[in-house]
Amino acid sequence: MIQEIQIYNTLTRQKEVFEPLVPGKLGMYVCGPTVYGPPHLGHARSAITFDLIFRFLKAIGYKVRYVRNITDVGHLVADADEGEDKIAKQAKLDELEPMEVVQKYTNLFHHSMELLNVAPPSIEPRASGHIVEQIEEVKKILKSGYAYESNGSVYFDVEKFAAENEYGKLSGRKIEDLISNTRTLDGQSEKRSGLDFALWKKAQPEHIMHWPSPWSEGFPGWHLECTAMSCKYLGETFDIHGGGMDLTFPHHEAEMAQSKASHGKDAVHYWMHNNMITLNGQKMGKSLGNAISLEEFFSGNHPLLEKAYSPMTIRFFMLQAHYRSTLDFSNEALQASEKGLERLMKALAKIDSLPVSDSSSVKIEELAQNCFSAMADDMNSPIAMSYLFEGVKIINSVSDGNTNITPSDRDALKQLFHTLVVDIFGLKAESQAEAGNTEVLTEVVDLLMKLRLEAKANKDWATSDKIRKELTAIGFDIKDTKDGASWELKK
RNA sequence: GGUCGGUUGGCCGAGUGGCUAGGCAGCGGUCUGCAAAACCGUGUACGGCGGUUCGAAUCCGCCACUGACCUCCA
């Protein structure tokens with residue numbers, strides 16, 4: 001059942017035949033969201049990319065343990081000069097407890113993921129719930145000699161590590177370049193080198209979230225949680241580590257170094273990175289202030305959006321591009337996806353009622369093979385999708401009586417569509433009305449009110465009263481004023 | 001400045017030496033009371049300039065434009 005697949009490994013910069021550490025089983029760790037703000041399209045891309053990978057690996061027979069963390073501690077505010085905890089900063093603005101902020105955005109994230117039909121990971125650990133494990137990692141790294149304590153904080157000694165190990169390989173950086181890049185701005189910092197990164201940071205008074213440790217009351221370094229949690233749930237070595245491309249440096253580079261320093265060996269076999277979403281050719285990101293939240297997409301409530309886009313439209317839109325390519329957002333592209341998705345789902349719904357014949361004039365097996373081969377080639381969902389649309393053409397053609405298929409081919413077609421569209425792509429039927437529910441409802445009622453107005457103008461009181469009576473019965477409140485009629489839904 | 005990537009038809013987006021990607025839009029047709037849907041047909045796209053080759057969107061070089069990362073930014 002398990003077929004050979006190729007995966008692009010960021011570490012080697014090429015596609016490699018995937019070989020699991022344990023036959024038939026697979027461990028995958030993906031960097032999840034930092035829950036200090038509403039989830040946006042970028043979060044969706046990463047989540048959908050690895051959801052696709054998770055679903056595909058399961059579909060071809062792997063037993064997968066998928067770990068995706070929630071980062072709820074230790075990240076800095078982009079525009080804060082003093083290294084204030086990102087979550088603490090937001091908490092002050094909202095006048096909420098830090099954990100309240102974390103909970104709020106975690107819930108929002110989960111809600112959006114559910115709407116996008118992103119399957120929950122096997123384990124979703126929180127950084128704040130693994131402080132003990134992180135402290136243990138710091139101890140191990142100190143013991144191995146690749147870290148030093150300075151003024152209550154603990155830093156990773158990058159230059160010492162790089163002298164004996166590869167550092168910069170994942171992100172294609174040379175240690176000498178990095179040194180020359182940072183040397184200039186280094187002064188009287190508590191770090192020995194500008195390259196060094198914190199493993200444990202002593203909390204300043206403005207930090208609300210802090211924990212006791214052997215070194216100080218503080219919080220864990222920004223890269224440590226992934227090392228600690230991946231090790232805890234997947235072991236010292238595991239198959240796949242994923243995340244957004246923007247995390248390769250320094251985050252994943254630091255993780256690699258930490259793991260090696262702590263456990264004496266490389267933790268990750270395959271590094272996978274999804275590319276960014278762009279908006280007018282520029283990266284969409286929280287720090288740039290151009291991120292459109294998922295909620296805004298679903299409601300259409302954003303100046304850049306011409307209309308609301310359903311979660312499935314967003315999902316389909318992403319699947320139409322390869323995960324390693326940038327994907328440029330536009331209303332036009334999204335609307336094209338909306339229509340394409342509709343066509344695909346309509347065809348899917350039609351399969352059961354397709355007429356059958358004694359012979360087939362199409363090759364379903366070949367089509368299925370093509371779809372799976374495309375997915376096996378580094379998750380090439382756009383290619384798989386293009387074959388699926390060949391299937392759509394077949395379905396419609398059979399439905400119109402222009403093409404014949406046998407009962408067994410119809411079954412094969414049904415199985416293909418269910419496996420690929422429903423199980424792997426994670427697309428599900430959703431009515432148009434659901435997407436822009438209120439918007440559509442408003443237009444419909446406005447239309448009825450207009451008809452009623454016309455009836456009144458013609459003194460067709462029977463019709464006008466009927467419309468008002470029926471609408472009232474449904475639950476609407478209709479009021480005629482001298483400025484015209486108004487309505488509202490009483491529910 | 002350093003490192004790595006991208007530039008494909010109206011839009012999005014695959015494709016890495018010869019063989020139609022696909023979706024959306026457009027155009028023509030079939031069907032239809034009209035429309036929609038569906039089906040059939042239709043598009044001589046590969047940033048520029050050179051080079052390699054029998055043959056290049058695909059390989060090489062140069063140039064242009066553009067993006068990401070490089071900052072105690074995740």
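The values are calculated or read from the model by the stated rules, or taken from the named source; none is laboratory data. Being a predicted model, the structure only gives us computed values, none of them experimental. We place every Cβ from the backbone using ideal geometry, glycine too, and count neighbours over all the protein chains shown. We work out accessible area using only protein heavy atoms, side chains counted, and drop any ligands, DNA or RNA first. Shrake-Rupley method; radii C 1.70, N 1.55, O 1.52, S 1.80 Å.
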Amide N of the range A:93-126 lying under 18 Å from the label point, which is placed 7 angstrom from the Cα of A:Asp423 along Cα→Cβ | A:118-120
Size of the dipole of chain A about the Cα centre, Lys and Arg at +1 and Asp and Glu at -1 on the beta carbon, nothing else charged, in debye to 20?
-> 660
Interchain or long-range residues, amide H under 5 Å from A:Trp211's placed H | A:Gly218, A:Phe219
Where a Cα-Cα gap under 15 Å defines reach, which aspartates and glutamates qualify for A:Lys265, not counting those fewer than 8 residues away within the same chain?
-> A:Glu137, A:Glu164, A:Glu166, A:Glu236, A:Asp239, A:Glu253, A:Glu255
Each residue of the range A:376-384 in turn: what ³J(HN,Hα) in whole Hz from Karplus with 6.51, -1.76, 1.60 and θ = phi - 60°, glycine and Pro shown as x?
-> 5, 8, 6, 6, 7, 4, x, 5, 4
Which shape class, rounded, prolate or oblate, goes with the range A:6-274 when its Cα gyration tensor gives a ≥ b ≥ c as root eigenvalues, a/c under 1.5 marks rounded, and past that a/b bigger than b/c marks prolate?
-> oblate
For the range A:113-124, take each phi angle, set θ = phi - 60°, evaluate the Karplus expression 6.51 cos²θ - 1.76 cosθ + 1.60, and give the result in whole Hz per residue in order, putting x for glycine and proline.
-> 4, 5, 4, 7, 6, 7, 5, x, x, 5, 9, 10
Over chain A, what is the percentage of antiparallel beta bridges among all DSSP beta bridges, to the nearest 5?
-> 55
Ranking A:Leu319, A:Ser46, A:Ala198 by how far each Cα lies towards the positive end of the charge dipole of chain A (+1 on Lys and Arg Cβ, -1 on Asp and Glu Cβ), the top one is A:Leu319
Whenever you get a sec, compute what percent of the accessible area on chain A sits on carbon and sulfur atoms (1.4 Å probe).
-> 49
Over chain A, average the accessible area per residue using a 1.4 Å probe and give it in Å², no decimals.
-> 47
Rounded, prolate or oblate: pick one for chain A, where a ≥ b ≥ c are the square roots of the eigenvalues of its C-alpha gyration tensor, a/c under 1.5 means rounded, and failing that, prolate if a/b is larger than b/c, else oblate.
-> oblate
Once phi is turned into ³J(HN,Hα) by the Karplus curve 6.51 cos²θ - 1.76 cosθ + 1.60 with θ = phi - 60°, what whole-Hz value does each residue of the range A:14-24 show in order, with x for glycine and proline?
-> 7, 6, 10, 5, 7, 10, x, 5, 10, x, x
Debye, to nearest 20: dipole size of the range A:278-432, +1 on Lys, Arg Cβ, -1 on Asp, Glu Cβ = 260
Please give the length that would be gained between A:Ser373 and A:Lys479 if that part of the chain were fully extended, namely 0.36 nm times their separation in residues minus their C-alpha to C-alpha distance (nm, one decimal).
-> 32.0 nm
Magnitude of the Cβ-charge dipole (Lys and Arg +1, Asp and Glu -1) of the range A:158-304 about the Cα centre, nearest 20 debye, reported as 160
Quick one: if the Förster radius is 45 Å, what FRET efficiency do A:Gln6 and A:Arg192 give, using the C-beta to C-beta distance and rounding to 0.05?
-> 0.60
For chain A, what does -39500 (n - 2.57) per DSSP helix run (n ≥ 4), summed and divided by total residues, give at 222 nm, in deg cm²/dmol to the nearest 500?
-> -13500 deg cm²/dmol
Starting from the amide H of A:Glu16, placed 1.01 Å from N in the peptide plane, find each other amide H under 5 Å away whose residue is 5 or more places distant or on another chain.
-> A:Ile7, A:Tyr8, A:Asn9
Scan around A:Asn69 for amide H atoms under 5 Å from its own, H built in the peptide plane at 1.01 Å from N, and keep only partners 5 or more places away or cross-chain.
-> A:Val30, A:Gly32
